[in-house]
Amino acid sequence: TARAQEPLKVAGIYTVPVEQQWVSRIHIAALAAQERGDITYTYSENTANTDYPRVMREYAEQGYDLIIGEIFGVEAEAREVVAEYPDTAFLMGSSFKEDPALANLSVFDNYIQDASYLSGIIAGAMTQSGNIGMVGGFPIPEVNRLMHAFMAGVREMRPDATFQVSFIGSWFDPPKAKETAFAMIENGADVLYAERFGVSDAAKEKGILAIGNVIDTQSDYPETVVASALWHFEPTLDHAIEMVKAGSFTAADYGAYSFMKEGGASLAPYGTFEGKIPQAAVDLVNAKSAAIKDGSFTVEINDEEPSSS
Amino acid sequence: MRLEPIANPGLARTTLPPALALLATFGVAAVLALVAGGNPALVFGEIVKGAVGSKFALLETLNRATPLIFTGLAVSVAFRAKLWNIGAEAQLYAGAVVTAVLGTGALPWAAPALLPVLALAAICAGALVLLVPALLKTRFGVDEVVTTLLFNFIFLLFVSYLLDGPLKDPMGMGWPKSARLVAEARLPRIVDGLRLHWGFALALICAAAVWVIDTRTTLGFEMRAVGQNAEAARFAGIPVTAVILKTALLSGGLAALAGYSEVAGLKGALTLDLSPGFGYTGIVVAMLAMLHPLGVIVAALFVAAIFVGADAMSRNIGVPTYIADIMLATALLLMVLAILLTRFRVRRD
Amino acid sequence: MVEPATPETVLRLTGITKRFGAVTANDAVSFALQKGEVIALLGENGAGKTTLMNILFGQYTADEGTVEIFGRQMPPGHPRAALDAGVGMVHQHFTLAGNLTVWENIVLGAQPLGALSLNASAARDKVRALAARFHLKVDPDARVGRLTVGERQRVEILKALYRDARILILDEPTAVLTPQETDALFATLREAIGLGLSIVFISHKLHEVMAISDRVLVLRHGRLVAERATAQTTRHELAALMVGAEVTVPEVAQASPGAPLLSLRRVSTPDSGTAPGLQAVTMTLCAGQITGLAGVSGNGQAALSDLVSGLIAPTSGEMDLAGAPVRGWSPRTALAQGVARIPEDRHKTGTIADFDLTENAILESYASRFSRRGWMDWSGARRFAERLIATYDVRCPGPDIRVRLLSGGNMQKLILGRVLESGARIILANQPVRGLDIGAVSYVHGRLTAARDAGAAVLLISEDLDEITRLSDVIHVISEGRLSPPFARGTMQPQELGIWMSGQRFDEAGHAA
Amino acid sequence: MDLFDILLSASFWAATIRIASPLIFATLGELICERAGVLNLGIEGIMVAGAFAGWVAVLNGLPLWGGVAVAMAVGMALGAVHSVLSVPFGLSQHVVGVGLTLLASALTFYTYRVMLPEVSSPPKIAAFQPYEVPLLSDLPFFGQALFSQTPLTYAAFVLAGLVALVLYRTPLGLAVRAAGESPAAVAAQGLSVTAIRMGAVIVGSGFMAVGGAFLTMSAFDSFFFEMVNGRGWICIALVVFGAWKPGKALLGALLFAAFDALQIRLQQTPMGALVPYQVFLMLPYALSILALVVMSRRAEVPAALMVPFNKGER
Ligand SMILES: Nc1ncnc2c1ncn2[C@@H]1O[C@H](COP(=O)(O)OP(=O)(O)OP(=O)(O)O)[C@@H](O)[C@H]1O
Ligand SMILES: Nc1ncnc2c1ncn2[C@@H]1O[C@H](COP(=O)(O)OP(=O)(O)OP(=O)(O)O)[C@@H](O)[C@H]1O
Ligand SMILES: [Mg+2]
Ligand SMILES: [Mg+2]
């Protein structure tokens, strides 16, 4: 069809600034697609959920082909808008499944528990004290499930490990995250799970280790960040672009495109820690990684709020 | 420099400063657009189009004005009595919480019975939330600016707790939000398919009611008297403490209706991000309206139109969306200045 | 009336005109002040005295005209220039910061703002020296917010002296002073004059004008209408010049007292701040009688006034209204029981400045007379306000005007009307004529005696002994919260009252007991 | 760790002082404004702007103290906007403040996005590092708690002393205190109430901005949207808590920070697993209100706070 030739018009709507780790992965994937010439891309950031349906509608009215974003906080209202614009494709982060009645809405989520689990194995190997600190923003499923997978990974190496869990009640307060991390270090933690900005900084200052989440920050903290569980939005987005271009976009759950086997998640390269991680852990990571990819092993998805142990 | 009241301002005097303020706001927006690489010539048209250019745009503007009318009224009622209620945000959430608790199936009633009961319950909750700072003020002399401000933080954390725990939607896949309201608890839409709901009409009714209270009832008279001069009011036999408490109840109740209207009318569920600062914007709306209840309607519509219009404009000319808030702030500051200049002349001394 | 310039002329105003909207507050006023001279400025409320002084001092800018001080023309609207040229002004309303100490208030602005230190000890010493030199007793380290009005007045004068003022402007400095304090002030001023100071003095009290001034200027409706050498005029003439007509002071006839309406038996109230409470006070207010309360300010008048007003309740003793003990005493019950109150401070307590005249008129009676089931009866209220305006001669554009814009005299007439129209049986009149011009004074006094003759019991509190002795049928003296026995009209000489006011007689009684 | 252990650990007190530092700057700034009679609700936005300005200046090659100066200057410029509207024009201080907070934050975000359109995580600067005060930092307990802080923290404490000194020991401070109490008294002494109030708002706003800059240049090393996170509003409360006195305000900031440092640590005690985390986050706010109630005496509010002064007015 004619659509396949010209770039798709894609718009992103985000409820936080694009610096936020989670959203940044979507943003980067879209920029990459634009770079390739597959799409033209524009976005609205920091959009309050109150305004979200209006912004969706404005983009739809303007004839965008594909609208991406996150509707966790506005599921019902967003689906109403989707229903009104059957010619526009919507690819939305959502807690819910696709709805066959809404053929133009596909959903995704960052199911990177596989990678988190693997990063946990490394953390378990690196901790001396068996005491691990975890600082989160809010206990939402997208955060909880990664924390649980990470803890499960840690226990593979250190069944006796204890965890300190704190939520700071904000996505953007690095000083507060840092203070919280400091308190955990005082309390014996020697590896930190850096869900928020600010945590790795505390680890760096105190000379202990950190595990990254969603994004790779090792270049900023070469001596500190041992491993990171990365989310790659590219498979999700690229598939959607393909479907829209082919005219076959339909209601679907793109969650699987965040799985490791689809290339939606990965453990960041060891980089500066190459060779410094106990071989036993590296071997286990490789084995589990293979098992995950061939489907012989699945990491449990647990969305409950984690607590200290 | 000195300000001198103008006895009989003419037409030019009353219209020119506000017009200039608007013009200057657009000028600022145009410059900012230019800086960010957008086309400044399009700014004005795109804003108008985005705010009132279509039925959808217009109704969205009214929709965004709805909670602002409630919080604007709440603030104006309180400020009139010199009760500095900076906590409309908390009271809004109080109303929202109650609506979510009672509207999700707890009361098995039909809409005509359920909706008013929910509204009343919300009013009571908001009233109670403001009653605490009001009592601390009247009993212990604790400054209410501080207590109401801090209550915003506390209450939001409380809501966060509720949404993580007792109120969490079991069907919500873990996301912190409440269960959806039953159909009987929803305020119907005014136009099918568009978001504007009867909460807007309720807001207008409340503004009219506050105006009637202000001008026609003894309570209104007492509230104004206490606000203007509490010492004289007390001397004249007005029960000052009781009036402050009644004012708090009224103000808190109005703010809570914003939460009720957003949950029952717009969202259908309680979330932590229900209000993008409607409580704080209510202060601006109230002051822009010079604390007049009917003026609150106009001010809220103005604020909503600028925001919705500028937000749409930012997308259409491709500049960062933050320009909407800049325009809103600029328009507000220049507009209050302009309103002053319609009544005062600046004299150099 | 403009004198030729001589080396002795310290101050010259020429053709000063000032308009506030439609009001012309000063209309081509010119005069000159000589070294060592005291000019008294007289005029009704609203005649433009304060405005003229504010222009002189640079706080207002004149629309026309010039101010010259020691031969130098002053830049308009520049108080600093006036201060530097040697003008000190004591404003009609105190200009003191209550949270600062006396010496801090005095040195405020007297040192360059860029200075790195306040030189507190030097400043304190200078204040002490000045205070001693001019007999202005006040503690430099006291917090001004805690001072009595008399002490604050002294601080105001010290402020001017501290800056070596050579021209002193005193705008109604005695309005809030007791006779004793006034005498002390005059002694201080005479000393200052001896040192070469020149003074412009504003007062509504003609005997003060006669006592202190060399020359009298009379303002009427913003115009300078007369000038007299004090030695060659009389109080009577001055009064006529001010008002533009003869002023008659009504003779107060003997009363015929009726039944007791309010009685206090050994009533005490708590102290509040520096003001003493009542100490086992016994008094009876009878119908058809004016009871005067004489005393130096700050001796318990406020407590008695608050008690009768309903603002405070007795801590011990008994209080009867028309023979029945009072219950749940509050302003509202007081009003309901027929107690009408003229408060001491009409700006702060008596009225709400930004309410219009109608709203102020019904402030005390909206609940009982101008509302039904919580709904206001505004047309009734407006009719009532219009009646007050007509009956009590409140000069104003109409019932919609904000009372902030009324002159003090008219504000007082409004309160008087509100009080008298309530049909009260007991009337508390606390400083009812403070700051009023003589026309207004005689009007208020006439109304109060008329109310008495109609059967009301009037409690008159005043620091003006003349007023007390002229109006009262019975006089009590108050001192440190203690109340003297009642003295019938004509039985007390001012000297004897003075001794009671000093507290001496109470002490003797205490020793005797 | 139980409560006792926490309170006895030097690191707890070190954290308290770190957390308090930005609050101290901003609280002092607000205190100066309010002492002169102006409630500055622009504080939250000014802190955001200061946080950005200081960071971006250093990012563009200025030395750290240069960044602090830039933040201060930006704060003063915003203060100038506030003061023009609220002082000579006497507009409602509530609306000017809320409006300025909106304006300053939105302008900051807009500028950020225009300057750094394509970043995924903002660049870092070499922020202020802790400076161990010679000798003093070797003291047991106190050395670690008090004397191993960044220079900006020391500056915050010096500033508190300086503000108290200026307020109570200089003619300028006297004029500021009087302007917030009785502007008429100031005018009658030939001083310009307008100039004093505007000056106080401008300087105070500068300090608020430095408080913001502390977050990006000392507590952390880069700028994020919304990272000020309500700290400005806390400072409004701290001024009241401190009864408008620099010494008490400093204590208030420390107390609040101590509650915050405490709640962070309490979350890790056994209690932390039982009690929802929100309860801990509430702690500093709730205890502040409680402390206000317990103090309970009517603080001496500057009498002319929020009252505009217009020379010609009657
Ligand atoms: N700032 C002002 N704005 C408007 N009108 C004013 C102002 N100041 C004074 N006036 C008006 O100017 C006139 C003169 O007032 P002024 O205060 O000078 O009188 P005064 O002679 O001092 O009276 P009093 O004896 O009561 O002190 C009055 O009509 C008053 O209402
Ligand atoms: N001379 C001074 N030098 C420095 N700081 C002072 C001085 N006086 C007071 N302070 C500050 O004020 C606080 C309380 O002092 P104090 O209670 O004496 O103030 P105050 O007399 O009530 O003054 P104000 O009402 O003007 O604030 C102290 O903690 C200190 O910070
Ligand atoms: Mg006067
Ligand atoms: Mg004090």
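Calculate the length of the line joining the C-alpha centroid of the stretch C:328-357 to that of the stretch B:43-80, in whole Å.
43
Mind checking the mean number of beta-carbon atoms from other chains within 10 Å of the Cβ atoms in B:49-62?
On the way: counts 0, 2, 0, 0, 0, 1, 0, 4, 4, 0, 1, 5, 1, 0.
Rounded to a whole number, the mean comes out at 1.
If you find the alpha carbon centre of the stretch C:261-304 and of the stretch C:88-155, how far apart are they in angstrom?
Cα centroid to Cα centroid, the span is 33 Å.
Give me a single rounded figure for B:157-163: the average over its residues of other chain Cβ atoms within 10 Å of their Cβ. Each step should come with its number before you reach the end.
Numbers: counts 11, 4, 1, 9, 7, 2, 2.
For peptide B:157-163, the averaged partner shielding equals 5.
Within a Cβ distance under 12 Å of B:GLY259, other residues only, what is the Lys/Arg minus Asp/Glu net charge?
Values: positive: B:LYS267; negative: B:GLU89, B:GLU262.
In short, -1.
Specify, per residue and in Å³, the volume enclosed by the convex hull of the alpha carbon atoms belonging to the protein assembly as shown.
On the way: hull volume 293.6 nm³, N = 1485.
Per-residue hull volume (Cα only) is 198 Å³.
Which helices count as membrane-span-like in chain D under these terms: full DSSP H, at least 18 Å along the axis by C-alpha, Kyte-Doolittle mean of 0.5 or more? Kindly include the intermediate steps, with their values, before the conclusion.
Details: long enough: D:10-35 (35 Å, 0.95); D:43-59 (24 Å, 1.86); D:64-86 (32 Å, 1.65); D:93-115 (32 Å, 0.99); D:151-169 (26 Å, 1.67); D:193-214 (31 Å, 1.56); D:246-266 (29 Å, 1.15); D:277-295 (28 Å, 1.99).
Both cut-offs are met by D:10-35, D:43-59, D:64-86, D:93-115, D:151-169, D:193-214, D:246-266, D:277-295.
Calculate the translational D of the stretch C:9-243 in whole µm² s⁻¹ from Stokes-Einstein, where the hydrodynamic radius comes from the Kirkwood formula applied to all Cα pairs, the temperature is 37 °C and the viscosity 0.692 mPa s. Kindly include the intermediate steps, with their values, before the conclusion.
Values: Rh = 18.2 Å.
The Stokes-Einstein estimate is 181 µm²/s.
Quick check on the stretch C:9-243: of the DSSP beta bridges with both residues there, what percent are antiparallel, nearest 5%? Display every interim value, and only then the final one.
Values: 22 of 40 bridges.
Beta bridges within the stretch C:9-243, antiparallel portion: roughly 55 percent.
Only counting other Cβ atoms within 10 Å, I'd like A:ARG79, C:ARG143 sorted with the fewest neighbours first.
Lowest to highest Cβ neighbour count: C:ARG143, A:ARG79.
My understanding is that a pair violates if its Cα-Cα distance is over 25 Å; which of A:LYS97/A:LYS288; C:LYS49/C:LYS159; A:LYS178/B:LYS267; B:LYS55/B:LYS177; A:LYS178/D:LYS248 do that in this structure? All intermediate terms of the calculation are to be shown ahead of the outcome.
On the way: A:LYS97/A:LYS288 28 Å; C:LYS49/C:LYS159 22 Å; A:LYS178/B:LYS267 35 Å; B:LYS55/B:LYS177 31 Å; A:LYS178/D:LYS248 28 Å.
As for pairs spanning more than 25 Å Cα to Cα, those are A:LYS97/A:LYS288; A:LYS178/B:LYS267; B:LYS55/B:LYS177; A:LYS178/D:LYS248.
Under a 5 Å amide H to amide H cut-off, with H placed in plane at 1.01 Å, what residues pair with B:THR104 once short-range neighbours are removed?
For B:THR104, whose amide H was placed from the backbone, the distant partners under 5 Å are B:VAL182.
Mind jotting down the distance between the C-alpha centroids of the stretch C:26-64 and the stretch A:52-90, whole Å?
74
How large is the Kirkwood hydrodynamic radius of the stretch B:248-311, counting all unique pairs of alpha carbons, in Å?
Values: mean 1/r = 0.0785 Å⁻¹.
Kirkwood radius, the stretch B:248-311: 12.7 Å.
So what are the stretch C:352-416's ellipsoid semi-axes, whole angstrom, largest first, if each one is the square root of 5 times an eigenvalue of the alpha-carbon gyration tensor?
Details: eigenvalues 82, 26, 19 Å².
Values for the stretch C:352-416, descending: 20, 11, 10 Å.
How many nm is it between the label spots at A:ILE301 and B:ALA242, if each spot is 7 Å from the Cα in line with the beta carbon?
6.1
Which of A:ILE26, C:ILE438 has the fewest other C-beta atoms within 10 Å, and how do the rest follow up to the most?
Details: A:ILE26 26, C:ILE438 21.
Going from least to most buried by this count: C:ILE438, A:ILE26.
Suppose only helical runs count, i.e. DSSP H with n ≥ 4. What mean residue ellipticity at 222 nm does that imply for chain B under -39500 (n - 2.57) per run, divided by all residues and rounded to the nearest 500 deg cm²/dmol? Before the final figure, lay out each step's value.
On the way: 13 runs with 235 residues, N = 349.
Estimated from H runs of four or more residues: -23000 deg cm²/dmol.
Quick one: what do you get for chain C if you divide its Cα Rg by 2.2 N^0.38 Å? Kindly include the intermediate steps, with their values, before the conclusion.
Details: Rg = 24.0 Å, N = 513, 2.2 N^0.38 = 23.6 Å.
The value comes to 1.02.
Report the Stokes-Einstein translational diffusion coefficient (µm² s⁻¹, integer) for the stretch B:73-280, Rh taken as the Kirkwood radius over Cα pairs, at 20 °C with viscosity 1.002 mPa s. Before the final figure, lay out each step's value.
Values: Rh = 17.4 Å.
Diffusion coefficient, whole number: 123 µm²/s.
May I ask you to compute the full-extension gain from C:ALA454 to C:ALA324, defined as 0.36 nm times their residue separation minus their alpha-carbon distance, rounded to one decimal in nm?
Contour length minus Cα-Cα distance gives 44.6 nm.
How would C:THR61, A:THR47, C:THR315 line up from fewest to most surrounding beta-carbon atoms within 10 angstrom?
Going from least to most buried by this count: C:THR315, C:THR61, A:THR47.
Please state the shape class of chain B: rounded when a/c is under 1.5, otherwise prolate if a/b exceeds b/c and oblate if not, all from the C-alpha gyration tensor. Present the calculation step by step, with values, prior to reporting the outcome.
Values: a/c = 1.87, a/b = 1.11, b/c = 1.70.
Cα axes put chain B in the oblate bin.
Please work out, to two decimal places, the log10 of the ratio I(q)/I(0) at q = 0.22 Å⁻¹ from a Debye calculation in which every Cα of the stretch B:213-334 carries one identical scatterer.
Those come out to -1.26, one per q.
Rg and Dmax in Å for chain A, alpha carbons only: what are they?
Considering chain A through its Cα atoms, Rg and Dmax are 19.8, 62 Å.
What is the local net charge at A:THR88, summed over the other residues whose Cβ is closer than 12 Å to its Cβ (Lys, Arg +1; Asp, Glu -1)?
Details: positive: A:LYS9, A:ARG57; negative: A:GLU58, A:GLU61, A:ASP65, A:GLU84, A:ASP87.
For residues surrounding A:THR88, the net value is -3.
Ratio of Rg to Rh for the stretch C:2-87, alpha carbon only, Kirkwood?
0.95
Quick one: net charge of A:SER106's neighbours, Cβ under 9 Å, K/R +1, D/E -1? List each step's numbers first, then the result.
Working: positive: none; negative: A:GLU98, A:ASP253.
Net charge around A:SER106: -2.
Which value, in Å³ per residue, describes the convex hull spanned by the Cα atoms of the stretch B:20-169? Could you put the intermediate results ahead of the total?
On the way: hull volume 30.3 nm³, N = 150.
Once divided by residue count, the hull of the stretch B:20-169 is 202 Å³.
Return the Rg/Rh ratio of the stretch A:267-309 with Cα-based radii and a Kirkwood Rh. Show your work: numbers first, answer last.
Values: Rg = 13.9 Å, Rh = 12.7 Å.
Ratio of gyration radius to Kirkwood radius: 1.09.
Every read-out reported here was derived from the displayed coordinates using simple, explicitly stated rules and does not represent laboratory data. Small disclaimer: the values here were computed from a predicted structure and weren't measured. For neighbour counting, all protein chains shown are included, and Cβ atoms are generated from backbone atoms with ideal geometry for every residue, glycine included.
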